[in-house]
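> Pasting a structure below so you can have a look.
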Amino acid sequence: MTPDDPLLDALVQNTFRVTAVLTRVGAEHDLSLTQLRVLGILRDRRARMSELAAFLGLDKSTLSGLIDRAEKRGLLAREKSPGDRRVIEVFTTTAGLELAGTVYAEIRRELSPSMDRLDPQQRDQLTALMGVLLEHF
């Protein structure tokens, strides 16, 4: 890749680094990158199976298999939505929340050396700018 666009190059390089950390930490807990994403998404919410599949870019059968494996480990659970009994929602169990917290702490520890190079104002600026970029996803 040629750095024709310094911003694009920086975003891609950062994504590669963060993905490597996520993959390594996830693997240490027997989690694929996709399973790690599911735990992150469901950490503070319930989601419909269809919403989760769309967000992850997975077909429903692939997502069902992923959820099945996480249920067997006691990390996720499914149940009918209280508001619409035809809808199945997925949520994180207590064990899943504990694992998500452990993984989050390990990811923070891995990425802290880079983040700590920024002063508080730079951190706030970067957070705000990343928020602008993420609004379009």
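What follows draws every value from the coordinates through simple rules; no lab data is involved. Given the structure is predicted, the values throughout are model-derived calculations rather than measurements. Note that each Cβ is placed from the backbone with ideal geometry, even for glycine, and that neighbours are counted across all protein chains shown.
> State whether one or more residues within the stretch 78-92 are within 22 Å of the chain's Cα centre (by Cα), closer than 20 Å to E28 by Cβ and of a type in the set (K, R). Can you show your working first?
First, pick out the residues of the stretch 78-92 that are within 22 Å of the chain's Cα centre (by Cα): 78-79, 88-92.
If we keep only those that are closer than 20 Å to E28 by Cβ too, we end up with 92.
This time we only want the ones that are of a type in the set (K, R), so: none.
Checked against the condition, which is being within 22 Å of the chain's Cα centre (by Cα), closer than 20 Å to E28 by Cβ and of a type in the set (K, R), the stretch 78-92 yields no hits at all.
> Further, regarding this structure: Restricting to the stretch 34-55, and then to whatever is within 16 Å of V103 (Cα to Cα) and in contact with a strand residue (DSSP E or B) (Cβ under 8 Å, 6 or more places away or on another chain), can you tell me which residue is surrounded by the most Cβ atoms within 10 Å (Cβ to Cβ)? Outline the logic, then answer.
Taking the stretch 34-55 first, the residues within 16 Å of V103 (Cα to Cα) are 34-44.
Cutting the leftovers down to in contact with a strand residue (DSSP E or B) (Cβ under 8 Å, 6 or more places away or on another chain) gives us 38-39, 41-43.
On the way: V38: 26, L39: 23, I41: 16, L42: 22, R43: 14.
The extreme case among them is V38.
> For the stretch 106-125, what are the residues that are over 26 Å from A27 (Cβ atoms) and touching a helix residue (DSSP H, G or I) at 6+ places or on another chain (Cβ under 9 Å)? It would help to see each step written out before you state the result.
Residues of the stretch 106-125 over 26 Å from A27 (Cβ atoms): 117-125.
Correct list: L118, R123.
> Please find, among L31, L118, L111, the residue that is part of a loop (DSSP other than H, G, I, E, B), surrounded by fewer than 16 Cβ atoms within 10 Å (Cβ to Cβ) and aliphatic (A, V, I, L, M). Before you say what the answer is, go through the steps one by one.
Values: L31 fails: surrounded by fewer than 16 Cβ atoms within 10 Å (Cβ to Cβ); L111 fails: part of a loop (DSSP other than H, G, I, E, B).
The conditions single out L118.
> Looking at the stretch 56-66 only, could you name the residues that are within 16 Å of the chain's Cα centre (by Cα) and either surrounded by 14 or more Cβ atoms within 10 Å (Cβ to Cβ) or under 13 Å from R78 (Cβ atoms) (or both)?
Hits for the stretch 56-66 are L56, L58, L63, L66.
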